[in-house]
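The values are calculated or read from the model by the stated rules, or taken from the named source; none is laboratory data. Just so it is clear, the model here is predicted, and its values are computed rather than measured. Counting neighbours? That spans all protein chains shown, and the Cβs are built from the backbone with ideal geometry, glycine included.
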């Protein structure tokens, strides 16, 4: 069953240049898909500050969105609602319209992110909702994970996010040090101080879970 994702831009009305921000987000989506293809249909702008995409599985969505959060530069961020449920297309004169329980669940999920971010969990950026109660049990565990990882990422500097992104893709600390113009020990210290090890291990566990479920 495919998974729907709705994203919206955090603080879009306050951005100095909305058009530039959109181009950066679009390029970031393409970068992630080139480095780690995971989406059936990568996130695409729809209307206003919203984007929509489709992933083959929840683990693929969580993996791709983790990388996207890390690759976005300082000052540009998105919220993500992941919806598990049937996806259908309604024909219209302007093309197929996305519809179905998976999209309704994704809409509910992003509303929850808004509410949590506005209250006690300011670092929250991702939430998962299942349209069918039978699929909901696993979402509680997944949401516990994304809450923690989002908080870690939200507190990272832009450079540390870049370093973490590189490590998730298998780049060595030496390679990252050369690309950033810093020492390998500086890379190691930055990753350790920011808690990047937890993100790296969590990403690895997602890939193991996907493989065990026959997703690759």
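Taken as a whole, the structure places residue 109 among residues that are closer than 25 Å to residue 13 by Cβ, in the same structural domain as residue 57 (by TED's automatic domain parsing) and surrounded by 18 or more Cβ atoms within 10 Å (Cβ to Cβ).
Please work out if residue 165 is assigned by TED's automatic domain parsing to the domain that holds residue 127 and part of a helix (DSSP H, G or I). No, not satisfied.
When 169, 163 are checked against the criterion of being touching a residue at least 24 places away in the same chain (Cβ under 8 Å) and surrounded by 15 or more Cβ atoms within 10 Å (Cβ to Cβ), a single residue qualifies: 163.
Taking the stated definitions as given, is residue 146 in a loop (DSSP other than H, G, I, E, B) and either in the same structural domain as residue 79 (by TED's automatic domain parsing) or on the phi < 0 side of the Ramachandran plot (or both)? So residue 146 does not fit the description; no.
Any residue at all in segment 117-135 that's assigned to a helix (DSSP H, G or I), farther than 30 Å from residue 20 by Cα, over 13 Å from the mean Cα position of the chain (by Cα) and without any contact (Cβ under 8 Å) to a residue 40 or more places away in the chain? Yes, segment 117-135 contains a residue that is assigned to a helix (DSSP H, G or I), farther than 30 Å from residue 20 by Cα, over 13 Å from the mean Cα position of the chain (by Cα) and without any contact (Cβ under 8 Å) to a residue 40 or more places away in the chain.
Residues in segment 87-102 that are surrounded by 16 or more Cβ atoms within 10 Å (Cβ to Cβ) and more than 24 Å from residue 18 (Cβ to Cβ): 87, 100, 101, 102.
As a summary of the residue check, residue 74 satisfies the conditions (1) within 22 Å of residue 168 (Cα to Cα); (2) surrounded by 15 or more Cβ atoms within 10 Å (Cβ to Cβ) except for the one numbered (2).
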